[in-house]
Amino acid sequence: MTQLVSIKMITIIALDSLQSRLIADLKSCGIKGYTIAEVEGEGLHAQHFTDWEGRNIRIETLASDEKLSNIMEMLSENYFEKYGVIAFVTTVEVLRKEHFL
Amino acid sequence: MTQLVSIKMITIIALDSLQSRLIADLKSCGIKGYTIAEVEGEGLHAQHFTDWEGRNIRIETLASDEKLSNIMEMLSENYFEKYGVIAFVTTVEVLRKEHFL
Amino acid sequence: MTQLVSIKMITIIALDSLQSRLIADLKSCGIKGYTIAEVEGEGLHAQHFTDWEGRNIRIETLASDEKLSNIMEMLSENYFEKYGVIAFVTTVEVLRKEHFL
């Protein structure tokens, strides 16, 4: 089999009202593709279940380590505190890594 | 960049009819947030594709190692055998781990 | 806790028009179950955002290393170049690994 190589997957959970702004900011960080799924959820603003139960979005995008760093910084500065956005990073493997960088 | 730290993500696939009961049980295990997506699927009750093709749910929640252990035990005792529920654990990385524990 | 063991999760992003063909090909590779979620997305055919923005699907299936190898080969030969399908592999942990192989 062609060799699999590691790359980072970033998953972002946010209120659906943030969708277009988040996508614009992710594109500014250089991402080349993404998927968005509608999800329900209960959140974790601070230490308790909050009342923004309802429509959320779940964005996934693949990124190089450098873009990942820029994206996490962008989210930290503009989204985490203000909007209770959640993001987590998974190491995944792909063929043809160059297509995603 | 602020340091990323490891945490466990638990993904649960189940019949959508189990949703409210599963969420209640997960909250009893101490989770602070989750997302639910509707998915289609074909299952793997035993060794073959089963006839419960149809609406399933896919629940995601982040947890500390201790909560993870409690959740897997709860699922083992009440859901895996009886309902063909599937669960898998992914190690992911987050900023601000304390928000999820 | 019962011991968790590693297994591969394959996630495939594709145009929804490919769904039935992809599922048939995955079954030919021996998978025993899967989930499909509808997602929106923008893609990465080559080096730029493409115009197939719209309905995509996100398929997840668990597989042994051997099946994983067959699936990636099948996708490479029939889907990656022709249809801009994306696939990535995550190492996850499950109880009862034998149920998924």
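Using a 1.4 angstrom probe on the protein heavy atoms only, could you order C:ARG96, A:ARG55 from most to least accessible area?
Numbers: C:ARG96 55, A:ARG55 120 Å².
Accessible-area ranking of C:ARG96, A:ARG55, largest first: A:ARG55, C:ARG96.
Quickly work out the B:GLU40-to-B:SER64 label distance, labels modelled 7 Å from Cα along the C-beta direction, and quote it in nm with one decimal.
4.2
Any idea what the relative contact order of chain A is, in percent, if you count C-alpha pairs under 8 Å spaced at least 6 apart?
Rounded, it is 48 percent for chain A.
Once the Cβ-Cβ distance between C:SER17 and A:GLN19 is put in as r, and R0 is 35 Å, what FRET efficiency do you end up with, to the nearest 0.05?
Numbers: r = 24 Å, r/R0 = 0.69.
So the FRET efficiency works out to roughly 0.90.
Skip the ligands, DNA and RNA, and give the accessible area per residue of the protein assembly as shown with a 1.4 Å probe, whole Å².
On the way: 12950 Å² over 303 residues.
Heavy-atom SASA per residue in the protein assembly as shown reads 43 Å².
On C-alpha positions alone, give me the angle between the axis of helix B:65-75 and the longest principal axis of chain B, in degrees, nearest 10.
10
Can you give me the solvent accessible area of B:SER17 with a 1.4 Å probe, rounded to the nearest 10 Å²?
Using a 1.4 Å probe on the heavy atoms, I get roughly 90 Å².
Grab the other residues whose beta carbon is less than 11 angstrom from that of B:SER6, score K and R as +1, D and E as -1, and report the net. Please report the intermediate quantities before stating the final value.
Working: positive: B:LYS8, B:LYS97; negative: B:ASP65, B:GLU93.
Result for the local shell: 0.
Using only Cα atoms and rounding to the nearest 10 degrees, what angle (0 to 90) does helix A:19-28 make with the longest principal axis of chain A?
Tilt of helix A:19-28: around 40 degrees.
Please compute the net charge surrounding A:ASN78, taking Lys and Arg as +1 and Asp and Glu as -1 over other residues with Cβ under 12 Å from its Cβ.
Working: positive: A:ARG21, A:LYS82; negative: A:ASP25, A:GLU73, A:GLU77, A:GLU81.
Net of charged neighbours comes to -2.
Calculated from DSSP H runs of 4 or more alone, at -39500 (n - 2.57) each and per residue, what is the 222 nm mean residue ellipticity of the protein assembly as shown, nearest 500? All intermediate terms of the calculation are to be shown ahead of the outcome.
Working: 6 runs with 63 residues, N = 303.
Helix contribution divided over all residues of the protein assembly as shown: -6000 deg cm²/dmol.
The values are calculated or read from the model by the stated rules, or taken from the named source; none is laboratory data. Values in this document were obtained by computation on a predicted structure and should not be read as measured data. All Cβ positions, even for glycine, are placed from backbone atoms using ideal geometry, and neighbour counts span all protein chains on display. SASA here: full protein model, heavy atoms, side chains in, ligands and nucleic acids out. Shrake-Rupley method; radii C 1.70, N 1.55, O 1.52, S 1.80 Å.
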